[in-house]
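Shown next, in structure tokens, is the structure this report addresses.
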Amino acid sequence: MRSRSIPLIAAPFLVALLLGGCAVSAPTSPGDVDDVETEESGAPETPELVEGEPAPPGTRVGFDVYLTYTFLTTDDEEALLSARLDSIEPATAEEMSVLVENFGDDIDGYDIYMLRMTGKKVSGAPVVYNADYAFFDVVDSAGERIQTVTLIGWDGCQNESFSQEYDDGAELAQCYMGAVRSGDAPPAGMAYTGGYEDGNPYDYLDGKPLLFIP
């Protein structure tokens, strides 16, 4: 499977609120995920993982379990990368104060959660200055995408492009923010959707994402 990387883009401190896929809008449902079983229908079967090989589409794991996938660099070369889900925590009072300062009433009535992941390179072509964070989505217990919030340039929760240290095997911490209506169930985990290549087996519509849902 190939997933298209995105280039490194330098940007100043920038705010982006993604509610329903718009810069600022009322939340809407991003759509359903095909063939992902819900809690009501029982736990999904998890395909067998083979060390050093990409995880089969639809694989579901909990916290602290690495899943491996093939990554296509901007030079059209392949590398194997892995990621794991580390934690899901509500934003602290201090973190919420930063978000309210930047978004104001746009996040009124929402609870914000921090979902933290760790990635590492397994093998393959150089990936320095590439990135794959755009291919991860915050999801509910059924694997459906939920609202997200992005505050670019904020150290409290940020995504990084691949450094030379990452390319040499160092782990890389990544952070995502999910937004749910106050009182609703918190985000359940993350999904890896594999990028924009034709035939992508992890695509929401034509495949099955990798699910990091405890």
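When the stretch 167-208 is filtered for residues that are of a type in the set (S, T, N, Q) and under 15 Å from Y110 (Cβ atoms), only S182 remains. Of everything in the stretch 175-187 that is part of a loop (DSSP other than H, G, I, E, B) and in contact with a Gly (Cβ under 8 Å, 6 or more places away or on another chain), the residue that is nearest to L72 (Cα to Cα) is P187.
From the list I213, I152, I146, which one is among the β-branched types (V, I, T) and loosely packed, with under 15 Cβ neighbours inside 10 Å? Spell out how you get there, then give the answer.
Values: I213 fails: loosely packed, with under 15 Cβ neighbours inside 10 Å; I146 fails: loosely packed, with under 15 Cβ neighbours inside 10 Å.
None of the other options fit; the residue is I152.
Among the residues of the stretch 172-191, those that are farther than 15 Å from M96 by Cβ and either loosely packed, with under 13 Cβ neighbours inside 10 Å or in contact with a Phe, Trp or Tyr (Cβ under 6 Å, 6 or more places away or on another chain) (or both) comprise L172, A173, Q174, R181, G183, D184, A185, P187, G189, M190.
Checking the condition without any contact (Cβ under 8 Å) to a residue 40 or more places away in the chain, of a type in the set (G, A, S) and either over 15 Å from A188 (Cβ atoms) or part of a loop (DSSP other than H, G, I, E, B) (or both), which residue from G156, G104, G119, G143 passes?
Values: G156 fails: without any contact (Cβ under 8 Å) to a residue 40 or more places away in the chain; G119 fails: without any contact (Cβ under 8 Å) to a residue 40 or more places away in the chain; G143 fails: without any contact (Cβ under 8 Å) to a residue 40 or more places away in the chain.
Exactly one of G156, G104, G119, G143 is without any contact (Cβ under 8 Å) to a residue 40 or more places away in the chain, of a type in the set (G, A, S) and either over 15 Å from A188 (Cβ atoms) or part of a loop (DSSP other than H, G, I, E, B) (or both), namely G104.
Look at (1) under 15 Å from Y166 (Cα atoms); (2) over 20 Å from the mean Cα position of the chain (by Cα) and you find that G119 fails only one, number (2).
For the stretch 123-132, check the following and say yes or no: at least one residue is outside any strand (DSSP E or B), surrounded by 20 or more Cβ atoms within 10 Å (Cβ to Cβ) and small (G, A, S).
Of all residues in the stretch 123-132, those outside any strand (DSSP E or B) come to 125-132.
With surrounded by 20 or more Cβ atoms within 10 Å (Cβ to Cβ) added as a condition, the list becomes 127, 130-132.
After this cut, where a residue has to be small (G, A, S) as well, the list is 131.
Scanning the stretch 123-132, I find at least one residue that is outside any strand (DSSP E or B), surrounded by 20 or more Cβ atoms within 10 Å (Cβ to Cβ) and small (G, A, S), so the answer is yes.
Readers should treat all values here as calculations from the given coordinates under stated rules, not as data from a laboratory. Since the model is a prediction, treat every value here as computed from it, not as a measurement. FYI the Cβ positions are ideal-geometry reconstructions off the backbone, even for glycines, and counts take in every protein chain you see.
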